[in-house]
Amino acid sequence: MRRRRLPHAALAALLVLGGLSAAGAVPAAAAGSTTGSADTAAPPASAGLVTAMQRDLGLTREQAEARIADERAATALAPKVRRTAGEAYAGSWFDSAKGRLTVALTPDAPADTRRAVRAAGAEVRTAAHTARQLDAVKARVDRLSAPPGVSGWHVDPVAGTVVVDIVRADRSDNDVRRFVSRAREAGPVTVRTVSAAPRTFAAGTVGGDPYYTGNVRCSIGFSVYGGFVTAGHCGGPGAGVSGWDGSYIGTFRGSSFPDNDYAWVSVGSGWWTVPVVLGWGTVPDQLVRGSAVAPVGSSVCRSGSTSHWHCGTVLATNETVNYSQGAVHQLTKTSVCAEPGDSGGSFITGDQAQGVTSGGWGNCSSGGETWFQPVNEILGRYGLTLHTYTG
């Protein structure tokens with residue numbers, strides 16, 4: 001389904017009223033990245049976002065709206081309580097049942113620290129290992145060479161361990177067993193089986209949106225001043241990009257895959273950037289106001305050129321995913337489905353950009369899991385500034 005382009009008059013009005021600018025108005029390599037913040041007084045989410053959350057998370061309208069407000073508050077609170085916890089910090093996540101941020105602290109956390117975290121508005125749990133210790137365990141696992149039957153691994157703050165995912169059909173494979181044994185030597189590790197191995201979501205050329213490089217179709221992630229960010233596996237540096245209508249957009253200026261899965265494309269030739277995530281005619285377009293990181297447990301929605309809008313929750317952060325092309329690090333895992341052609345597309349929580357679609361397993365008929373590359377990492381890597389709506 002092709003997205004409908006706004007009439008030129010409507011776009012011009014949007015540019016004037018929103019204070020937006022053409023892609024070439026500000027250099028792509030603007031100093032620093034704009035991460036934005038989760039403002040608890042921000043306007044309510046669009047009706048389309050609420051509708052998508054109702055459909056994919058099984059919520060009523062009132063529940064979806066309440067969850068968005070709770071998640072906005074938890075996102076703002078997370079970095080503050082992490083600083084308060086100090087060396088006792090053992091991870092945090094959003095508890096959707098309670099509508100609050102939960103913070104894990106080690107048993108030796110001072111009583112004053114526990115009281116301060118609770119007073120800030122978070123639940124407190126006790127955990128055996130600090131977040132720094134678990135990150136160190138994951139870093140040791142990252143140095144191992146993983147066979148194809150190992151799907152990926154990440155720190156799970158709720159379980160307080162590093163979780164290694166293995167493909168169910170390969171759990172008896174000798175190489176998989178050897179990897180798991182070596183991973184357990186690194187520290188606290190839990191093994192989980194998954195249904196299928198991850199794959200990227202690029203696709204061969206078909207009629208539709210939103211951009212093409214060679215015979216590959218992918219999806220735009222988020223506008224930055226001078227272009228847009230997307231997935232690295234969609235194209236290498238210097239590759240030309242054409243839009244949904246076949247006209248030339250620009251060029252891949254930076255790209256990394258595997259190890260990372262991010263890229264940015266410069267935009268010109270009459271194309272310009274706007275701070276929105278497309279609704280594909282089924283939900284209204286969503287404005288982007290920042291890129292504050294949503295905690296584990298938060299809802300997140302994805303827009304892509306194949307399967308359009310779908311929502312789910314953030315399952316894990318800083319996960320290493322073992323694609324057939326090689327391992328990719330620091331991805332965020334979600335319960336959102338995706339399909340070929342969705343690669344590079346937008347992940348957003350409320351009005352806060354989260355990342356660009358990397359890959360996953362399953363589809364939007366049977367379900368599955370999908371990973372995204374965090375947008376703030378891409379902005380920092382290339383010195384880009386996220387194009388946000390400030391009206």
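The values are calculated or read from the model by the stated rules, or taken from the named source; none is laboratory data. Keep in mind the model is a prediction, meaning the values are calculated, not measured. Quick reminder, even Gly has a Cβ in these numbers, built from the backbone with ideal geometry, and neighbours come from all protein chains shown.
Annotations for the structure displayed:
- Breaking point among (1) in contact with a helix residue (DSSP H, G or I) (Cβ under 9 Å, 6 or more places away or on another chain); (2) at pLDDT 95 or above; (3) in a loop (DSSP other than H, G, I, E, B), for Ala29: (2)
- Within the set Val265, Val274, the sole residue that is closer than 16 Å to His387 by Cβ and not in a strand (DSSP E or B) turns out to be Val274.
- Positions within region 176-195 being within 22 Å of Gly360 (Cα to Cα) and either acidic (Asp, Glu) or in a loop (DSSP other than H, G, I, E, B) (or both), in sequence order: Ser195
- Some residue of region 350-357 being crowded, with 24+ Cβ neighbours inside 10 Å, of a type in the set (A, V, I, L, M, F, W, C), touching a residue at least 24 places away in the same chain (Cβ under 8 Å) and in contact with a strand residue (DSSP E or B) (Cβ under 8 Å, 6 or more places away or on another chain): yes
- Residue within region 82-92 that is of a type in the set (S, T, N, Q), in contact (Cβ under 8 Å) with a residue 60 or more places away in the chain, under 25 Å from Ile348 (Cα atoms) and out of contact with any Pro (no Cβ under 9 Å at 6 or more places or on another chain) present: no
- When residues in region 214-238 are screened for being closer than 14 Å to Asp342 by Cα, in a strand (DSSP E or B) and β-branched (Val, Ile, Thr), 3 of them pass.
- Number of residues in region 47-56 that are closer than 11 Å to Ile68 by Cα and at pLDDT below 80 equals 0.
- Residue check, His154 out of contact with any Phe, Trp or Tyr (no Cβ under 6 Å at 6 or more places or on another chain), within 29 Å of Leu77 (Cα to Cα), touching a residue at least 40 places away in the same chain (Cβ under 8 Å) and assigned to a strand (DSSP E or B): yes
- Unmet requirement for Ser299, which otherwise passes all of (1) surrounded by fewer than 20 Cβ atoms within 10 Å (Cβ to Cβ); (2) under 26 Å from Ala97 (Cα atoms); (3) among the small types (Gly, Ala, Ser): (1)
- Leading residue by the ranking (surrounded by the most Cβ atoms within 10 Å (Cβ to Cβ)) among those in region 239-262 that are among the hydrophobic types (A, V, I, L, M, F, W, C) and part of a loop (DSSP other than H, G, I, E, B): Phe257
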